[in-house]
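Since the structure comes first, as structure tokens, the remarks are kept for the end.
The values are calculated or read from the model by the stated rules, or taken from the named source; none is laboratory data. Model, not experiment: these values are computed from the prediction. Glycine also receives a Cβ, built like all others from the backbone with ideal geometry; neighbour counts cover every protein chain displayed.
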Ligand SMILES: Cc1cc2nc3c(=O)[nH]c(=O)nc-3n(C[C@H](O)[C@H](O)[C@H](O)COP(=O)(O)OP(=O)(O)OC[C@H]3O[C@@H](n4cnc5c(N)ncnc54)[C@H](O)[C@@H]3O)c2cc1C
């Protein structure tokens, strides 16, 4: 009966792999951590629960990226910039405004993410969930994974948690703040007459705000429904939305949201087809196959980055990355290594949409490009820690900053 407990018998687990660094989760943060760690000379194994890399930026159909620059200053360099240059060079990404925001093809990002990891010499283990850690309470010796092959162990000197939800740090005993914000289920529709739609949207074309609002209402999106052209895919429009808040670590809630999100996308499309100029022959290409969880846990780290710190442009001796803010294009801030180190754990780092911060600071931090740059920092520090019995606090910060800068990452605010 639900509510009762059972006792699972103890069992021996096979150790199926060993690595200097195990990166858990292959989204933007995990991909960058893997590449950076391998390029810094570590033997890196990336463990991902699904069958592709990219996380929400591929499976979640989150395909719009804020600018990597502020005027003449590079804000996000390194692996994030390299990835976008790769997509732009093949026409698989396009700039959507003069400030440098991009839209990209998620299938292309899957391919580029595979290639960049493999070329760096890292090993990938897809279709494997990280479900636990083992070893000392403050110094785990590795992670436990579950897959079609059963329950297995992977030994590693350093663990980098890039699961987005801070799953591994939490399993290892790190404290965290819950932060369940609006979930969404993006989608793409094809065969839209983009020119006619945009002409109709302009005020002198009659305006389409009421039709858009009718589509939002039909879908039941709580606060936000946006549609925009996917410039790299002719006739394709991307839908993004805010559905609801809830406990998004609970599979029952996630299941309800998947069903509701798919229904909502079709309800929105029905109204668009009936009433929006240019959408008469539109059809649903896909709804995201990875539900859009924006945030669940913020791990308690050595430093809790606050939005006030960001606004004050606070400088840190251990700054390992810069970030910016899609809501305020002029805001650029430093991200200290302390925010990537969970309190009480010796050989674990976190990167991505679960680092140590306050709720307001997480809003820009969780954007894809910031996750790339945090991942790159975590992977670099992890590689250096692997030579120091895994202890991330023993890594000379200046050496990490120098390695990152040499690799094209930006770690200091411009003067
Ligand atoms: C609806 C929506 C719209 C958004 N819009 C934008 C936008 O326009 N622009 C922008 O830049 N950002 C946007 N974001 C934010 C951005 O997409 C994410 O915050 C970013 O992708 C987070 O990167 P990450 O690597 O930290 O986590 P994720 O992208 O979530 O990647 C985590 C990876 O870890 C894997 N994983 C999770 N748990 C485990 C486990 N236990 N074991 C093994 N693997 C695991 C997952 O499968 C996934 O591949 C949006 C997010 C949502 C949800």
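A few remarks follow.
- Residues (buried (at least 17 other Cβ atoms within 10 Å of the Cβ) and within 29 Å of the chain's Cα centre (by Cα)) located in region 195-217: 212, 215, 216
- When 116, 76, 6 are screened for being outside any helix (DSSP H, G or I), under 18 Å from the mean Cα position of the chain (by Cα) and farther than 23 Å from residue 293 by Cα, only 76 passes.
- Restricting attention to region 142-154, the residues being surrounded by 18 or more Cβ atoms within 10 Å (Cβ to Cβ) and farther than 30 Å from residue 366 by Cβ number 1.
- Screening region 9-28 for residues that are within 33 Å of the chain's Cα centre (by Cα), outside any strand (DSSP E or B) and farther than 14 Å from residue 130 by Cβ and picking the one that is farthest from the ligand (Cβ to nearest atom) gives 14.
- Residues located in region 49-82, provided they are touching a strand residue (DSSP E or B) at 6+ places or on another chain (Cβ under 6 Å) and within 8 Å of the ligand (Cβ to nearest atom): 49, 60, 63, 64, 65
- When each of 96, 125 is tested for being within 14 Å of the ligand (Cβ to nearest atom) and modelled with pLDDT of 95 or more, the lone residue that passes is 125.
- All conditions in (1) touching a helix residue (DSSP H, G or I) at 6+ places or on another chain (Cβ under 8 Å); (2) more than 17 Å from residue 45 (Cα to Cα); (3) surrounded by fewer than 18 Cβ atoms within 10 Å (Cβ to Cβ) hold for residue 100, with the sole exception of (1).
- Of the set (1) within 20 Å of the chain's Cα centre (by Cα); (2) outside any loop (DSSP other than H, G, I, E, B), all apply to residue 246 but (2).
- Residues that are closer than 30 Å to residue 358 by Cβ, surrounded by fewer than 16 Cβ atoms within 10 Å (Cβ to Cβ) and free of Cβ contacts under 8 Å to residues at least 60 places away in the same chain do occur in region 225-240.
- Here residue 110 fulfils each of the conditions (1) in a strand (DSSP E or B); (2) within 13 Å of the ligand (Cβ to nearest atom) apart from (1).
- Region 370-409: number of residues that are under 19 Å from residue 332 (Cβ atoms) and surrounded by fewer than 24 Cβ atoms within 10 Å (Cβ to Cβ): 3
- Residue match in region 366-383 (condition: free of Cβ contacts under 8 Å to residues at least 12 places away in the same chain and on the phi < 0 side of the Ramachandran plot): no
- Within region 155-188, being within 16 Å of the ligand (Cβ to nearest atom), part of a strand (DSSP E or B) and either buried (at least 24 other Cβ atoms within 10 Å of the Cβ) or within 17 Å of the chain's Cα centre (by Cα) (or both) holds for 156, 159, 160, 161, 183, 184, 187.
- Odd one out for residue 102, checked against (1) within 15 Å of residue 369 (Cβ to Cβ); (2) without any contact (Cβ under 8 Å) to a residue 40 or more places away in the chain; (3) away from the ligand (no atom under 12 Å from the Cβ): (3)
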